[in-house]
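The values are calculated or read from the model by the stated rules, or taken from the named source; none is laboratory data. Fair warning: this is a prediction, and the values are worked out from it, not measured in the lab. Here the Cβ positions follow ideal geometry from the backbone for every residue, glycine too, while neighbour counts run over all protein chains shown. What goes into the accessible areas is simple: the full protein's heavy atoms, side chains included, and nothing from ligands, DNA or RNA. Shrake-Rupley method; radii C 1.70, N 1.55, O 1.52, S 1.80 Å.
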Amino acid sequence: MEGQGAKRALRVIVTGATGMVGEGVLHECLLHPDVERVLVVGRRPCGVKHGKLKEIVHADLYDLSPVASELAGYDACYYCLGVSSVGMSEADYARVTHDLTLHAAELLARLNPGLVFCYVTGTGTDSSERGRSMWARVKGRTENALLRLPFKRAYMFRPGYIHPTKGLKNTHKYYRAFMWLYPVLRLLMPGGVVTLRELGLAMIRAARADFGPAILGSREIRELARQGE
């Protein structure tokens, strides 16, 4: 990896570590030699112990002011917190997806002027905010708001199918059912699949250098991950 010896090791924040994506990103951060410190913020413990890892368990993520002093001094935030829109009203889904995300992002932007913010959305997110799909509109509104914040850089990660990392505990049953199909999907739909390891590596790389596009689909995520290996 270029310039590794000349650059300060990364200090990163991970949210959503009790979910599949956040756990996978956390896993890559703990393994990666460029990352020296990882702060996990969540409502409940992530269940991981590691020398690099510090954890803040905070019940009300809509009010981070009691722990704000512990959120300064970081280079990147990998925001992997999210919920399914199934069965939710648009107002309820927006409260979790848009309002909660922006509360955290605005605070981190104030506390860390040089922060790189990486947000996990999904294929089909609607940047126009006017489409028929409720979840896609809300995700698009969230992305657009994040891109307006004064981060050093912000990246919107839009993976399609995410191939889980073997051995991690929070893999969704849906993904487990399709794991055997992954080689076929990679061959037939190369623009729609990415591994969880590639997603994590791409986020680490994004904190190091300006990749270019702010919105990354699966192809761009894989390209960025290769640059970080």
- Message: If the only charges are +1 at each Lys and Arg Cβ and -1 at each Asp and Glu Cβ, what is the size of the charge dipole of the chain around the Cα centre, to the nearest 20 debye?
- Response: 400 debye
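With charges only on Cβ, +1 for K and R and -1 for D and E, what is the dipole size of the stretch 46-137 about its Cα centre, in debye, rounded to 20?
Values: 8 positive and 11 negative charges, 53 e Å.
That gives a dipole near 260 debye.
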- Sorted on mean Cβ neighbours within 10 Å (highest first), peptides 64-71, 142-149 come out as 142-149, 64-71
- Task: Describe numerically, in nm with one decimal, the distance between label points set 7 Å from Cα along Cα→Cβ at Asp210 and at Glu36.
- Result: 2.5 nm
- GNM, the chain, Cα, under 10 Å: largest mean-square fluctuation among Ala206, Ala109, Ala91? Ala91
- Note on the structure: To the nearest Å², the heavy-atom accessible area per residue of the chain with 1.4 Å probe amounts to 47 Å²
- Note on the structure: Among Leu115, Leu61, Ala105, the residue whose Cα sits farthest towards the positive end of the charge dipole of the stretch 34-138 (+1 at Cβ of Lys and Arg, -1 at Cβ of Asp and Glu, taken about the Cα centre) is Leu61
- Item | Gain upon complete extension [Asp92, Val57; 0.36 nm per residue less C-alpha separation] | 10.3 nm
- Label-point separation (nm) for Ser128 and Ser84, each offset 7 Å from Cα along Cα-to-Cβ? 2.8 nm
